[in-house]
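*Asks:* First the structure, which I've put down as structure tokens, then a few questions once you've had a look.
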Amino acid sequence: MLKSKLIALSLLFAVGACKENTAEKTNKEKQPPNIIFIMSDDHTTQGFGVYGSRLASLNPTPNLDQLASEGMLMENVFVNNSICVPSRAAIITGQRAQRNGVLDLEGELPPEKQYLPTEMKKLGYQTAIVGKWHLHREPAAFDYYKVLPVQGKYFNPEFRVQGAKEWPNNVVKTEGHSTDVITDITLDWLKNKRDKNKPFFLMHHYKAPHDDFENAPRYDSYLEDTFIPEPESLYNNKNNGSVATRGAHDSLTRIIGSSVSRRNVIRNQAMNIYKDSSIYKQYRNAKDVGIEEHKAWQYNAEEKEIASKVYQDYLKRYLRCVKGVDDNVKRLLDYLKENDLLDNTIIVYTGDQGFMLGEHDYIDKRWMYDESMRMPFFVRYPEKIKAGSRSDAIINNTDFAPTLIELAGGDVPDYMQGKSFKTILETGVEPADWPKSTYYRYWMHLAHRHGNPAHFGIRTKQYKLIFFYGRYWVDTENPNADYNKASWGNDYTRNTPVAWEFYDLSKDPKEMNNAYKDPAYEEIINNLKKELIQVREDLDETDKNYPHIQKVIEEHWND
């Protein structure tokens, strides 16, 4: 009798446990998807295998390529402004520069404008950000943060955290390479610090591969004996550019556009990467470049050899940093898989903008040329997104926040200017009313010795129209103007030539022929100008508040 009662009691406990486990499973199944937004700094589409660039044969990103193959890869994702702070502000706010107030690297994003984490919390998500933040004000809208100070350091980085002191005085020190450390922090949060009864929204941001390209020592020999394919435009830029970027008779090429070669006498890549040399960081000031130096750059055998050497070293350092990101993303994915989190987590990978890897003999970003303005972007979520899918829909980084909010089950707030592309991700079909173009604007002007003139423009799937107006957004000719005159490496007061550039991307995908003056394109260019006017008005991106720029626009619109 006693034995029968014990058996019955055991069965009762077993049934109860089974019901409890079933209830846990049911709750888990009903829980909204987690979201991990992974973003690297300056990881351009050329630096992947999956985007099919000249570097694809090097297989630089096997783990990221695999991630992309398990979801949708977006081919035409573009940044609003190819520079860290404005791009990140657009991603967090879903707004353009004049709406969110972040025009350049000095722009700040206060907690009340940190819309994306705020909206996620409304939907019941626990929010966290780890790694690079760079928006200057405390990321207080997040439940948890551990972020680098501004750019942060590659080795033994410090992090700003929540604590008893006011921002930014709560600082912790770490040891190791930043890519490894950032992943360690994220894994620790996932394992030990999050509320496991809530879905999470995690922004996981790497510093790499931002310059000065300092890789973890274990990658020192990676690609050591490999020849890195070179872009043709490194040595012959053909008809790319205009008087705005080259000057009359190429006279401005010595100060416009930081270079791989020694073309740019103010800042070229050899000055950045050779720490033990006499030229390391020995940048010049544009005002000190004499008129006799303003002459067309000509390659000879020696200069080609030097440019090739610098390019090879530059790309290897860059790709070693990329390799560290790729390996660490695998660490993160392995944890998700081992803990049964992978398939109920929407995983996004992107870079905060593109980057010039020697194309047109340029380094850095800022330009509206495709290598600079195109962002890598792919999403894995097997429940809703078909593996191996692609889309060439035109996407802007202001569209990220609306899309993430909709994927989390929310509605896009009216104050966001971006549009959700959730339906494109889930169906692979571009809606008939989806925007056919994207607007770009680089607000800074001749900053940080990179020498990029201010410009704006519009890009469709087939065409690109750029207007270089060549003025800083503050009127430097006004003696009462208030701006940071001590900003490092600025040449704000120099007004550069005004010019238009037009590229037929269907025939000229590498943008080697500025066809603005080709009469065959006159009607197309006129239509693009009309669209550009309308888009600027729709986005509240006109220059009504910048009369010194508006004057230039009016004087040169019909050039």
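The values are calculated or read from the model by the stated rules, or taken from the named source; none is laboratory data. As the structure is a computational prediction, the values presented were derived from the model and not from experiment. Using ideal geometry, Cβ is built from the backbone for each residue, glycine included, and neighbour counts are taken over all protein chains shown. Surface accessibility is based on the protein's heavy atoms, side chains included, excluding ligands, DNA and RNA. Shrake-Rupley method; radii C 1.70, N 1.55, O 1.52, S 1.80 Å.
*Asks:* Among the residues of the stretch 95-125 satisfying the criterion of being of a type in the set (Lys, Arg) and in a helix (DSSP H, G or I), which is nearest to Val150 (Cα to Cα)?
*Replies:* Lys113
*Asks:* Among the residues of the stretch 422-444, how many are free of Cβ contacts under 8 Å to residues at least 60 places away in the same chain, in a loop (DSSP other than H, G, I, E, B) and in contact with a helix residue (DSSP H, G or I) (Cβ under 7 Å, 6 or more places away or on another chain)?
*Replies:* Qualifying residue count, the stretch 422-444: 2.
*Asks:* If you take the residues in the stretch 74-94 that are assigned to a loop (DSSP other than H, G, I, E, B) and crowded, with 22+ Cβ neighbours inside 10 Å, which one is farthest from the chain's Cα centre (by Cα)?
*Replies:* Among them, the one singled out is Gly94.
*Asks:* Please state which of the following conditions Tyr145 fails to meet, knowing it meets all the rest: (1) free of Cβ contacts under 8 Å to residues at least 40 places away in the same chain; (2) part of a loop (DSSP other than H, G, I, E, B); (3) open to solvent by less than 40 Å² (accessible area, probe 1.4 Å).
*Replies:* Result: Tyr145 passes all but (2).
*Asks:* Scan the stretch 176-189 and give yes if some residue there is at pLDDT below 95 and either assigned to a loop (DSSP other than H, G, I, E, B) or not aliphatic (A, V, I, L, M) (or both), otherwise no.
*Replies:* Looking through the stretch 176-189, none of the residues is at pLDDT below 95 and either assigned to a loop (DSSP other than H, G, I, E, B) or not aliphatic (A, V, I, L, M) (or both).
*Asks:* Given the conditions (1) more than 21 Å from the chain's Cα centre (by Cα); (2) assigned to a loop (DSSP other than H, G, I, E, B); (3) of a type outside the set (A, V, I, L, M, F, W, C), report the number of the one that His448 does not fulfil.
*Replies:* Only one criterion is unmet by His448, namely (1).
*Asks:* I need the full set of residues from the stretch 227-251 which are β-branched (Val, Ile, Thr) and open to solvent by 30 Å² or more (accessible area, probe 1.4 Å), in order please.
*Replies:* Within the stretch 227-251, Val243 is the sole residue that qualifies.
*Asks:* Checking the conditions here, which among Ala97, Ala128, Ala140 is open to solvent by 40 Å² or more (accessible area, probe 1.4 Å) and either within 25 Å of Arg366 (Cβ to Cβ) or among the aliphatic types (A, V, I, L, M) (or both)?
*Replies:* Just a single option satisfies the conditions, and that option is Ala140.
*Asks:* Another question about this same structure. Scan the stretch 471-525 residue by residue and report those that are out of contact with any strand residue (DSSP E or B) (no Cβ under 7 Å at 6 or more places or on another chain) and not in a loop (DSSP other than H, G, I, E, B).
*Replies:* Pro519, Ala520, Glu522, Glu523 - these are the residues of the stretch 471-525 that are out of contact with any strand residue (DSSP E or B) (no Cβ under 7 Å at 6 or more places or on another chain) and not in a loop (DSSP other than H, G, I, E, B).
*Asks:* Next question, about the same structure. Determine whether the stretch 163-173 contains at least one residue that is open to solvent by 40 Å² or more (accessible area, probe 1.4 Å) and either touching a residue at least 40 places away in the same chain (Cβ under 8 Å) or within 14 Å of His204 (Cα to Cα) (or both).
*Replies:* Within the stretch 163-173 (the criterion being open to solvent by 40 Å² or more (accessible area, probe 1.4 Å) and either touching a residue at least 40 places away in the same chain (Cβ under 8 Å) or within 14 Å of His204 (Cα to Cα) (or both)), the answer is no, since none of the residues qualifies.
*Asks:* For the stretch 271-285, does any single residue satisfy the condition of being within 23 Å of Phe48 (Cβ to Cβ), open to solvent by 60 Å² or more (accessible area, probe 1.4 Å) and either of a type in the set (S, T, N, Q) or in contact (Cβ under 8 Å) with a residue 60 or more places away in the chain (or both)?
*Replies:* no
*Asks:* Tell me the residue from Asn495, Asn526 that is crowded, with 17+ Cβ neighbours inside 10 Å and farther than 25 Å from Gly418 by Cβ, please. Reasoning before the result, please.
*Replies:* Working: Asn526 fails: crowded, with 17+ Cβ neighbours inside 10 Å.
Exactly one residue qualifies, and that residue is Asn495.
*Asks:* Further question: When you scan the stretch 358-404, how many residues do you find that are of a type in the set (A, V, I, L, M) and part of a strand (DSSP E or B)? Steps first, answer last, please.
*Replies:* Of the stretch 358-404, the ones of a type in the set (A, V, I, L, M) are 363, 368, 373, 375, 379, 385, 387, 393-395, 401, 404.
Okay, now just the ones that are also part of a strand (DSSP E or B), so 379, 395.
Residues meeting the conditions: 2.
*Asks:* For the stretch 526-551, what are the residues that are closer than 20 Å to Thr460 by Cβ and part of a loop (DSSP other than H, G, I, E, B)?
*Replies:* Scanning the stretch 526-551 gives Leu539, Glu541.
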